[in-house]
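Q: My structure is below; once you've seen it, I'll send some questions.
The numbers here are math on the coordinates, done by the rules we state, and not lab data. Keep in mind that what you see is a predicted model, and the values were worked out from it rather than measured. Note: ideal-geometry Cβ built from the backbone for every residue, glycine included; neighbour counts use all protein chains shown.
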Amino acid sequence: MEAGLLVPSSPSQPPVIFTQDDLKKIAAYKAVEYVESGMVLGLGTGSTAKHAVDRIGELLRQGKLKDITGIPTSKKTHEQALSLGIPLSDLDSHPVVDLAIDGADEVDPYLNLVKGRGGSLLREKMVESACKKFVVIVDESKLVNYLGGSGLAMPVEVIQFCWKFTAARLQKLFEDSGCVAKLRTFGEKDEPFVTDNGNFIVDLYFKESIGDLKAASDAILQIAGVVEHGMFLDMATTVIVAGELGLTVKNK
């Protein structure tokens, strides 16, 4: 795995204070440098990916990019891309994607990811598993020693039917890791969050590492009622990390 540090701040200048959103934007713009005219692009979802999609739209308007076909990973990104004039298609028409750009909620030292805290994990995984290159953009707060290590949600998309039964099985599966499974809700009334695919999300919270990620992935997917989980294992080819000292580019 290669890593390189780019755009360091000069010691002679006063430090520039970047907000988290500034860092996301810097990483997103760097990722778009990988885009070439004529590409089929997977367009990610979330606050970081939004900057990349905006930038692609801007370069198309300026004529610096041409003949781009975008495959959005959510209804929200679909609407954003349409508003920017990015031509869109789908995996049925383009089963091989040249490049996908998306954010992540966690990145471990081996470039495995947790995604889906925005709720679009299924479509993201479908598109990003079909691409030749997958560039992930994050700020340094997303780096963890092991997946689940942030203490934040590891999402699992489940069908609505008997979701409590499925959640209980998921929690029991990882009881040795201190797992707590919670239905994702939103709003003042705590209504269940519904994905673009009409499913619910059960968020798993771990106190300790879940160990072998491939074994954990297989075990989750074997539970009837589970549609997909938010572990993206061995999928990222490049991770761009924006931090206070500049950009770090990590390649598989």
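Q: What is the magnitude of the charge dipole of the stretch 52-134 about its Cα centre, with +1 placed on the Cβ of each Lys and Arg, -1 on the Cβ of each Asp and Glu, and no other charges, expressed in debye to the nearest 20?
A: 160 debye
Q: Also, I was wondering about something else. Which trypsin sites (Lys or Arg not before Pro) in the stretch 185-243 sit in a loop by DSSP (not H, G, I, E or B) and have at most 13 other Cβ atoms within 10 Å of their own Cβ?
A: Lys189, Lys207
Q: Let me ask you something else. Lys30: which lysines have alpha carbons under 16 Å from its alpha carbon, excluding same-chain residues fewer than 8 sequence positions away?
A: Lys50, Lys64, Lys133, Lys250
Q: Okay, next question. Could you tally the net charge around Asp54, taking each other residue with its Cβ under 12 Å from the Cβ of Asp54, Lys/Arg +1 and Asp/Glu -1?
A: +4
Q: How much of the pair distance distribution for the chain lies past 29 Å, counting alpha-carbon pairs only, in percent?
A: For the chain, the share of Cα pairs beyond 29 Å comes to 32 percent.
Q: How high is the relative contact order of the chain, given as a whole-number percent (alpha carbon pairs under 8 Å, six or more residues apart)?
A: 24 percent
Q: Sticking with this structure for a sec: Under a Cβ-only charge scheme (Lys and Arg +1, Asp and Glu -1), can you give me the dipole magnitude of the chain about the Cα centre, in debye to the nearest 20?
A: Approximately 200 debye in magnitude.
Q: Then there's this: Past 32 Å, Cα to Cα, is the threshold; run Lys24/Lys125; Lys76/Lys164; Lys132/Lys189; Lys189/Lys252; Lys24/Lys252 against it and keep the listed order.
A: Lys132/Lys189; Lys189/Lys252
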